[in-house]
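So the structure is just underneath, and the comments pick up after that.
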Amino acid sequence: MSTEPEFVDRPSTEQAEAVRAVLSRATQADGVAPISEQAVHSLGREGGARHLVVVGDDGAVTGYANVTPGGDGHPAMAEVVVDPQARGRGLGGELVDRALGEGGDGTRVWAHGDLPAARAVASRLGLAGVRELLQLRRSLAEPDLPTLEVPESVRLRTYRGPQDDAELLRVNAAAFAWHPEQGRWTAADVEERRQESWFDPEGLFLAFDSADPDRLLGFHWTKVHSATASDPQLGEVYVVGIDPSAQGRGLGRLLTLAGLHHLRDRGLSTVLLYVEGDNTAALNTYGKLGFERFHVDVAYARK
């Protein structure tokens, strides 16, 4: 590294904007975003993540590492990006090594898309893949979507505003208690997403028990990605969360279908989703709905 920066709780506004520009260039060069949405959001808030911003001799940001601390039995998670113009000089490996050290024992680092350069860094540092996050895709044209049939025992509606947030967060925390990122969502996370240009309250579906209309059973939050040089406008099954006490009622399939019909009716041709590679039940549900593997993100850790 041309400088010896330290991890900080929050980068300056100027650094955060420069990091976002690096992320944009890396995404264009690689065809996949180098860090997660959650990590991008953390650039603008205090706490929740540690940040390492590397600046070259010319004052330009050349690399960035993000480390989300572990806790409650979950390991720390790291993400790293190097500006395409600064690659091939060993900076990626140095950033990964620094990030793993910052996170402590058991820290994992994401390789989004598991690109050859990331695998090479992992090999040099003696890292092994310990977790897979699959991206699945499905055409919204063929095969035809199954008909959406809502049973009388369920009341399905869309998001009405912040008054729905308490139940949304309750179900999210219960459904993803096992998940090191999703299960930690707070009211601030929901608020941040409401401010995003892609947010559409008509694309956030909520399922309630007809016998207890104030208690949320599950939700499906959809998302629409703007077209890029490599992809047309894409829909996403962003988050599907089911209260564990409501498992076995077919709500995962019901809510997923509601969102897929919504995205198709918006004129989108393709939809994507992310699912843990070892989530057999979810993979089975999505496979039956016509989703197929598109690419994989791999989390690496020291052996």
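Of the residues that make up the stretch 151-166, is at least one open to solvent by 40 Å² or more (accessible area, probe 1.4 Å), hydrophobic (A, V, I, L, M, F, W, C), more than 13 Å from residue 215 (Cα to Cα) and assigned to a helix (DSSP H, G or I)?
No: zero hits.
Need the failing condition index for residue 123 against (1) among the hydroxyl-bearing types (Ser, Thr, Tyr); (2) over 29 Å from residue 183 (Cα atoms); (3) in contact with a helix residue (DSSP H, G or I) (Cβ under 7 Å, 6 or more places away or on another chain), just the number.
(3)
Can you go through 129, 92, 73 and tell me which one is at pLDDT 95 or above and open to solvent by 30 Å² or more (accessible area, probe 1.4 Å)?
129
Looking at (1) assigned to a loop (DSSP other than H, G, I, E, B); (2) touching a helix residue (DSSP H, G or I) at 6+ places or on another chain (Cβ under 7 Å); (3) not aliphatic (A, V, I, L, M), which is the one condition that is false for residue 197?
Condition (2) is where residue 197 drops out.
Within the stretch 251-278, which residues are without any contact (Cβ under 8 Å) to a residue 12 or more places away in the chain and open to solvent by less than 50 Å² (accessible area, probe 1.4 Å)?
none
Go through the stretch 183-197 and give me each residue that's open to solvent by less than 40 Å² (accessible area, probe 1.4 Å) and not small (Gly, Ala, Ser).
Selection gives 185, 189, 190, 193.
Is it the case that some residue within the stretch 96-103 is surrounded by fewer than 13 Cβ atoms within 10 Å (Cβ to Cβ) and either in contact (Cβ under 8 Å) with a residue 24 or more places away in the chain or farther than 26 Å from residue 62 by Cα (or both)?
No, the stretch 96-103 contains no residue that is surrounded by fewer than 13 Cβ atoms within 10 Å (Cβ to Cβ) and either in contact (Cβ under 8 Å) with a residue 24 or more places away in the chain or farther than 26 Å from residue 62 by Cα (or both).
For residue 134, indicate whether it is open to solvent by less than 40 Å² (accessible area, probe 1.4 Å) and under 30 Å from residue 64 (Cα atoms).
Yes.
Looking only at residues in the stretch 210-232 that are touching a Ser or Thr at 6+ places or on another chain (Cβ under 7 Å) and either of a type in the set (Lys, Arg) or modelled with pLDDT of 95 or more (or both), which one is surrounded by the most Cβ atoms within 10 Å (Cβ to Cβ)?
Residue satisfying both the conditions and the ranking: 220.
When you go through (1) closer than 30 Å to residue 14 by Cα; (2) among the hydrophobic types (A, V, I, L, M, F, W, C); (3) open to solvent by less than 20 Å² (accessible area, probe 1.4 Å); (4) in contact (Cβ under 8 Å) with a residue 60 or more places away in the chain one by one for residue 122, which number turns out not to apply?
(1)
I'd like to verify a number: residues in the stretch 112-167 that are under 30 Å from residue 93 (Cα atoms) and of a type in the set (Val, Ile, Thr), how many?
The qualifying residues number 2.
The values are calculated or read from the model by the stated rules, or taken from the named source; none is laboratory data. Remember, predicted model here, so these are calculated numbers, not experimental data. Heads up, the Cβs are rebuilt from the backbone with ideal geometry, glycines too, and the neighbour counts pull from every protein chain shown. Areas reflect the complete protein model, heavy atoms only, side chains present, ligands, DNA and RNA absent. Shrake-Rupley method; radii C 1.70, N 1.55, O 1.52, S 1.80 Å.
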